[in-house]
Structures are given as C-alpha cells and as structure tokens.
1. I need the shape label for region 5-115. Rule: rounded when a/c is under 1.5, else prolate if a/b > b/c, else oblate, with a, b, c from the alpha carbon gyration tensor.
2. Tell me, what does the Kirkwood hydrodynamic radius of region 49-101 come to in angstroms if you use every pair of distinct C-alpha atoms?
3. Would you mind calculating the gained length between R354 and H179 on full extension (0.36 nm times residue separation, minus the Cα-Cα distance), in nm to one decimal?
4. Explain nothing, just the number: dipole magnitude of the chain about its Cα centre with +1 on each Lys and Arg Cβ and -1 on each Asp and Glu Cβ, in debye rounded to the nearest 20.
5. If amide hydrogens are placed 1.01 Å from N in the peptide plane, which non-local residues have theirs closer than 5 Å to the one on W148?
6. What is the diffusion coefficient of the chain in µm²/s, taking the Kirkwood radius over Cα pairs and the Stokes-Einstein relation at 25 °C with a viscosity of 0.890 mPa s?
7. Regarding region 232-402, what is the average projected area of its C-alpha convex hull, in nm²?
8. Just the number, please: percent antiparallel of the DSSP beta bridges in the chain, rounded to the nearest 5.
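Derivation of every value follows stated rules applied to the coordinates shown; laboratory data play no part. Here the structure is a predicted model, which means the values were calculated and not measured. As a convention, Cβ positions derive from the backbone with ideal geometry for all residues, glycine included, and neighbour counts pool all protein chains shown.
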Amino acid sequence: MKRDWTKVRAKVKSFIEEEIYPVEKKLAENSDESKDIMSRITQMAKDENIWALGHPKDIGGGGMPFMDYVYINEVIGRSAYANVGLGTVSLQDSIMLREFASEHWREKYLQPLVRGEIFPSFGMTEPEVASSDPTQLQTTAVLDKGVWKINGRKWFTTGASRAAYTTVMCKTELDASNHGAFSMIIVPTNNPGYEIIRETPVLGINGGHYEVEYNNVEVPEENLLGPRGQGFLIAQKRLGPGRIFHCMRWLGQAQRAFDLMCSRMHERETFGTSLTQKQLLQKFVFDSACEIQSSRQLTLDAAKRIDQGDDARIEIGLIKVIGAQMLHNVIDRAIQVHGAKGLTDDTPLSLMYRHAREARIYDGPDEVHIQSVAKRILKNYENNGSGWDFGERDASLQNQLNG
Ligand SMILES: Cc1cc2nc3c(=O)[nH]c(=O)nc-3n(C[C@H](O)[C@H](O)[C@H](O)COP(=O)(O)OP(=O)(O)OC[C@H]3O[C@@H](n4cnc5c(N)ncnc54)[C@H](O)[C@@H]3O)c2cc1C
C-alpha cells in the first residue's frame, strides 16, 4: 500500500528533531563514540520504517515514488547527519549500480549499500585541471587482455576513507570526441595502487574529502559501468535527480536557519524594543521568506518535470544556482540576527554557513550553470526560433500531468 508522504514527512521530521539534533555536536567529533551513536540512530531509523525511503524496493529500499520522496528530502536536509542516519546518502550511487553495473558488482555491493553497511564514493574532480570542464580530465584507463589499468590523480573524493569503492571517471577512448571519450569504472578502495594521499579540510571542517592517487590500478573489464564512452551520460543521469535532492535538502537547512532567526528575534531586545520590531530585521524575514518560497517552488517545478521524464536541464540549472544562493543568504541573515553567538558553535549556524558556501561550487560552480542555462535559452532564439516561452513550458508540463 502506498504510504501517505505527509505522514512519513512528519515522522521523519520528529525523528530528526528528537534523535539527531541533540547529538549533532557529538556526531561532529568523528570519534568512536560518534560512530556508536550513528549506529544507534541507523538502527532506530530501520526499526521505525523510515530507512532508505527513496531507494527502489527491489534492492531493499522503501520504494517511495520520486515526488513523495522529494518532500522527505526537504526535512532530511535539516541536519547534516540525517542523510547517513536515515540511509538516504547512497541513493544516487545505488541507482547507478542497479542500472549500469555488471551482475557481479550488483550482487556484491547493492544490498550492503542500501543497508548502510558499506559506503560509495565518486571520483571525478582532479587537482591538475579545471574540472568544471570534465572534458579535460586526465586520468586514463587502458583495457588490455580483459583488465583495465588506471593511472591518474583525483581530489575531493568525498567519503573515500570509509568507502568500499570509488566510481572513477576515466578517459578510455583516446580517439573519440570529448564527450564520448570517458567511462565510469568501479575501483574497490582496497585495490593495490589505490592510495589516499591526504584529506583536504574545507573551511576548517574535516568533511571527509580526499585526494587519491591511482597508480597502475588494475581491475577486471567487468568493472566498467554501462557501455564504454558513456561516462558523461551516466554522470548526467546521476546528477539530474541528485540536484533535485540537494536543492530540497538545502531548503530543509534554510528552514532550520529561518526558524532559528525568527525565534531569536523574539528572545532579544535592544534600545527598548524587541528585535521583532526592528524594520531592518523585518526585511531579513521578508527577504528570506521570498527566497525560500521561490526556490522551493522552482525546485518542485523542476522535480515534477523530471518525474515526467523530461531532463529539465534549464530548470535544474536554475535551481542549482538560486538554491545555493538562497541557502547562503538565509543562513547569513540568521547569523547576523544572533550577533556574535551566531559565529560560535553554540548554534548550528556556523557549521551550516560553511557547508552552504560549498554548495556554490560542488556539482558544478554557479558560473558553469549560469552559462549553460543562458546558452540553452539563447539557442531557442537562433534563426528566429520559437524562443523560450515560460507559459508554454508550464502548459507542456500540465499536458504531461494530464496524461
Ligand atoms: C564540499 C565538496 C564536495 C565535493 N565532492 C566531490 C566528490 O565527491 N567527487 C568529485 O569528483 N568532486 C567533488 N567535488 C568537486 C567539485 O565537483 C568541483 O570542485 C567542481 O566541479 C569545480 O571544479 P574545480 O574545483 O576544478 O573548479 P575549476 O574548474 O578550477 O573552476 C574554478 C572557478 O572558475 C570559474 N569558472 C569555471 N568555468 C566557468 C565558466 N564557464 N564561466 C565563468 N566562470 C567559470 C568558477 O567560478 C569556478 O568556481 C566536491 C567539491 C566540494 C567543494
């Protein structure tokens, strides 16, 4: 029977507020104790039937329909630890394995991945080239007698130290055009030649981003994901819905910052009146409400299009940029309202702010999305083309929804 997403959302929200918020500081310590706490949370989430809600049922997930799960992601975003705590962190990689991996790797990794017993990682970005333009990637994989030999260096491979494997984007087709030259290959992290060089802390946070060297790494031919030369296509399949989930989680973070800001305004008084009476701060509330609501509606609109099978490249580009800026702005205002306290670790805002800054760079920096959206729109005006009519875009979605 289909679960009512509004009830599931409420249950997930209470779980995060009651079980995760109180232990966030402990979880941030990354100690043995924090690992035990996380194990306890994951077990509770499984017992409460709110584990891996968006993963397909046939691989052990909750099987929630995409649009229902989009709303769940919003509340999961409230805590940086909920994505692991509720087993949703492996969704994109599980789907990629389910769709493109050989039977051997599906058997070996899929179920443990969904159960949260192992973690994935993804290696695309390289230190030596501007990886916003991945056609420049230099890591190579050469197939010889049924074995891929991989050489290169990646960095910002998130979660590499705890991951069971990394999906590595490699140049495999030396004669093919840029976008047909790359493939995705699974490399178990205990493979000889796979070496973690260092962690790169980000804005003072040890967030688990690693530089990794691939020195004559040899893996069997069957470790290829999908067909040769389809790396870009597979990456796009991974990133499209993934960006919707990111943007919804950012909305959850923004909601938390917004709640903290509004509550704080009721708690403090200056020059004889409550902060709620200061017009300059009322403008913070107004601007944040506008940005959250507009980003939310844009994200839901993009999600509906994805759900209808549209790749929604323009809409996804819009929400990636607008969403990351919205998140940054809302948290920034919440910090301002808290004064010096907002910069300490006495509230979650300081950590949220630093993570929010990352959002404008990972999964493609703002500028790349802006350029890509503008180019796509302008193409529609080429040679007196039909242009980009926002109303017609809505009408086409409506027609799809009406079947
Ligand atoms: C927290 C975090 C986690 C990450 N996790 C992963 C991961 O798990 N796996 C992985 O492979 N990568 C990961 N990344 C890396 C991320 O995807 C890259 O940083 C991103 O794609 C940008 O590549 P780059 O850093 O090489 O920047 P560069 O390509 O060097 O770009 C630098 C700057 O140039 C500007 N620029 C680039 N192109 C244009 C343009 N067309 N027009 C105008 N300006 C432009 C932008 O301002 C950009 O920020 C992560 C990054 C962060 C911050």
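1. Oblate, because a/c is 1.5 or more while a/b does not exceed b/c.
2. About 11.2 Å, per the Kirkwood formula over Cα pairs.
3. 59.7 nm
4. Using only the charged Cβ atoms, the result is roughly 640 debye.
5. Residues meeting the amide H criterion: V219, E221.
6. Rounded to a whole number, D works out at 108 µm²/s.
7. Average of the hull's projected areas for region 232-402 equals 12.2 nm².
8. 85
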